[in-house]
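Shown next, in structure tokens, is the structure this report addresses.
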Amino acid sequence: MISKEKLKGGVYYFYYVGADGKRKKKSLSTTDYNEAQMRASQLINIKNRNSETKTVEQNKLTLAQLRDIILQHVKINYSHGSYQLYNATFKCLIAEFGDTKFIESITPNDIETFKANKLKSVKPPTVNCHLRKIKASLNYAIKHDLIKNNPAKNTIFLREPETERKVYSKEELCKLVEMSKGSIIESLVIFGIYTGCRLSELCNLEWTDIDLKENTITIRNKSDFTTKTGKIRQIPINYKLVAYINTIDNKEGYIFTHQDKRKFTKDFGSRNFRRLVHLAGLPSYLNFHCLRHTFITNLIKNQVSIYLVKSLAGHSQINTTLAYTHLVTDDLRDAVNVL
């Protein structure tokens, strides 16, 4: 509406409610009431056309367009691992609905159908991972006025059965170390046992990350690598690992490399480790990450503070570390039986 009273030298103003819900005004630049009414009508028409255009644009946002927007956002702001997870989710969505599917045409029932179909081929934790990425993507689109509603808003996550973390026994570790001697991944195995680092962290470890004066290893972010939590951490080097490091002559560049100095990739390390497990006659479920589980579990068994374990493992949440405590129940049984 326009003001009934002339303000500031007789100029009329147009009053309206903005997108933020607050009352605003705009000068109509005229002292003539009839002219003011005409200009106010023009502003109303423009506002309505903009609203209609915005609605059309929202309705025309496709899955492929949303994918490109979200992946660009994740690539800039999050880790490469997060990027891969979002990319995998959108591949599944597009396989289900097609890349030209309009976002606004997706219903809560569509999300439930997607959930049920994925459950036929993958486990509940994987389905829940996809659902979290879908919710986050749609919430981002709402926040940036790309869509109006999130059809996944009230989607219920699947119940996830607790999975047992596999660990190596002392005998199995001895077999693994013995079989690794002279192999291309011998040093990778030794570092995995005594640091509890993730395979991706070790593959990106350089000799400059090791301080033999302070006996520490620094796990840090680099131009082509970001730690899982995005944080830097230091790990004191076990004296057995120090002795092993001192036997290595060439300490330049990346620690774990091929003959041509190319650093190991995570896939290369994992593939060769599986081969090593097979040659050692160990159960096939024992993978490289189980070295990390073993490292953390042994610290807890030896009554190291849960907060120190959290720091050494590089966990972002204490609950992640606490999940390992159930593994040592048998070790506490004798203590309970003394009562």
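The values are calculated or read from the model by the stated rules, or taken from the named source; none is laboratory data. Keep in mind the model is a prediction, meaning the values are calculated, not measured. As a convention, Cβ positions derive from the backbone with ideal geometry for all residues, glycine included, and neighbour counts pool all protein chains shown. Quick note on the areas: whole protein, heavy atoms, side chains included, nothing else; ligands and nucleic acids left out. Shrake-Rupley method; radii C 1.70, N 1.55, O 1.52, S 1.80 Å.
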*May I ask you to order 185-197, 242-254, 263-275 by the average number of other C-beta atoms within 10 Å around their residues, highest value first?*
185-197, 263-275, 242-254
*Determine the relative contact order of the range 202-318: mean sequence separation of Cα pairs under 8 Å and six or more apart, normalised by residue count, in whole percent.*
23 percent
_Per residue of the range 228-233, what does 6.51 cos²θ - 1.76 cosθ + 1.60 with θ = phi - 60° give for ³J(HN,Hα)? Whole Hz please, x for Gly and Pro, Karplus curve as stated._
4, 8, x, 9, 8, 9
*asked:* At 1.4 Å probe radius, can you tell me the per residue accessible area of the range 131-213 in Å²?
replied: 55 Å²
*Could you tell me which label, among [x] 95, 54, 47; [y] 57, 48, 33; [z] 56, 45, 39, carries the value of Cα extents along the principal axes in Å calculated for this structure?*
[x]
*Zone of residue 232 (label point 7 Å along Cα→Cβ, backbone N under 20 Å): which residues in the range 243-277?*
253-255
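With every protein chain kept in place and ligands, DNA and RNA left out, what is the accessible area per residue of the range 59-127? Probe 1.4 Å, answer in Å². Provide the component values of the computation, followed by the final result.
Numbers: 3940 Å² over 69 residues.
Spelled out: the 1.4 Å probe surface of the range 59-127, per residue, equals 57 Å².
Kindly provide the helix-only [θ] at 222 nm of the chain, computed as the sum of -39,500 (n - 2.57) over DSSP H runs of four or more divided by all residues, to the nearest 500 deg cm²/dmol?
Numbers: 14 runs with 174 residues, N = 339.
Helices in the chain give a 222 nm mean residue ellipticity of -16000 deg cm²/dmol.
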_Leaving out ligands, DNA and RNA, and with a 1.4 Å probe, what % of the accessible surface on the chain is carbon or sulfur?_
51 percent
*Using a simple spin-label model with points 7 Å from Cα along the Cα→Cβ vector, what separation in nm is obtained for residue 117 and residue 32?*
6.2 nm
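Taking K and R as +1 and D and E as -1, what net charge do the other residues with C-beta under 13 Å from the C-beta of residue 117 add up to? Mind showing how you got there, number by number?
Numbers: positive: 115, 118, 120; negative: 96, 110, 112.
That works out to 0.
If you average the sequence gap of Cα pairs under 8 Å that are 6 or more apart and divide by the length of the range 179-244, what percent do you get for the contact order? Walk me through the intermediate numbers first.
On the way: 58 pairs, mean separation 17.9, N = 66.
RCO, the range 179-244: 27 percent.
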*Of 60/91; 148/228; 123/263; 266/310, which ones are farther than 30 Å apart at the Cα?*
148/228; 123/263
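Using a Förster radius of 22 Å, what is the FRET efficiency between residue 23 and residue 148 based on their Cβ-Cβ separation? Nearest 0.05, please.
0.40
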_Can you tell me the mean projection area, over all orientations, of the convex hull of the range 67-190's alpha carbons? Units nm², please._
11.0 nm²
*asked:* Once you place label points 7 Å from the Cα toward the Cβ at residue 77 and residue 102, how far apart are they in nm?
replied: 2.7 nm
_Ranked packing of 221-233, 289-301, most packed first, by mean Cβ within 10 Å_ = 289-301, 221-233
_Which of the three applies to the range 163-304, rounded, prolate or oblate, going by the alpha-carbon gyration tensor with a ≥ b ≥ c and a/c under 1.5 meaning rounded?_
rounded
